[in-house]
Amino acid sequence: VKKRKKMDKRYIPDDIDRQLIQLLSIDGRTPYRDLARQVSLSETRVRFRVQRLIEEKYIQIVAVPNLMRLSSNSNQMAMLGIQVSGNIEEIAQILSEDEQVTFLSICSGSYDIMAEVVCQNTYSLLQLIQKIRNLPGVKDTDSFIYLKTQKTLYAVNPGVLYLSE
């Protein structure tokens, strides 16, 4: 008896899912009944779809703190551009484990890694930069200290996003 190969039946979000993602990106606490009304589905179907989007890791629903508003005047936020001569993914993994790193991306261009950091003060920012520069394989760093954040946008239009593989 031949065994069937397990088919990869990964879920691909459709237009209704994209509408739900957009609505939830504006307010992740929107009740299912309100979402259902806006996408013309039953509350049960919307609950199922949202749960599937979460399970398939297309979305996660979290509270996003406004770090600039919560921070005291002494806190320091910055974006760090990091050039690497060693294994980029290894260095990215090491950096992602630091609690002061709030965002990290491997990039193309002048920097191999871009990392957003939030430090208690300028001295702790200096210590973090020195720690990063001392990592084997780190070639150079640039610091872009935030003076004022004009816009922070977490809501996105899913029509712009390509949500499949």
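The values are calculated or read from the model by the stated rules, or taken from the named source; none is laboratory data. Given the structure is predicted, the values throughout are model-derived calculations rather than measurements. We place every Cβ from the backbone using ideal geometry, glycine too, and count neighbours over all the protein chains shown. Just so you know, the surface numbers come from the protein's heavy atoms only, side chains and all, with ligands and any DNA or RNA stripped out. Shrake-Rupley method; radii C 1.70, N 1.55, O 1.52, S 1.80 Å.
A few notes on this one:
- Of all positions in the stretch 40-61, at least one carries a residue that is hydroxyl-bearing (Ser, Thr, Tyr) and modelled with pLDDT under 95.
- Number of the condition not met by residue 86 [criteria: (1) over 19 Å from the mean Cα position of the chain (by Cα); (2) without any contact (Cβ under 8 Å) to a residue 40 or more places away in the chain]: (2)
- Residue match in the stretch 88-101 (condition: modelled with pLDDT of 95 or more, under 30 Å from residue 148 (Cβ atoms), part of a strand (DSSP E or B) and not basic (Lys, Arg)): yes
- Exactly one residue out of 18, 10 is modelled with pLDDT under 95, in contact with a Gly (Cβ under 8 Å, 6 or more places away or on another chain) and not β-branched (Val, Ile, Thr), and it is 18.
- Residue in the stretch 57-64 that is among the hydrophobic types (A, V, I, L, M, F, W, C), open to solvent by 50 Å² or more (accessible area, probe 1.4 Å) and either under 29 Å from residue 140 (Cα atoms) or touching a helix residue (DSSP H, G or I) at 6+ places or on another chain (Cβ under 8 Å) (or both) present: yes
- For the stretch 115-162, the set of residues classified as of a type in the set (A, V, I, L, M, F, W, C), open to solvent by less than 40 Å² (accessible area, probe 1.4 Å) and modelled with pLDDT of 90 or more consists of 115, 117, 118, 119, 125, 128, 129, 132, 135, 138, listed by residue number.
- Among the residues of the stretch 120-147, those that are part of a loop (DSSP other than H, G, I, E, B) and without any contact (Cβ under 8 Å) to a residue 40 or more places away in the chain comprise 134, 147.
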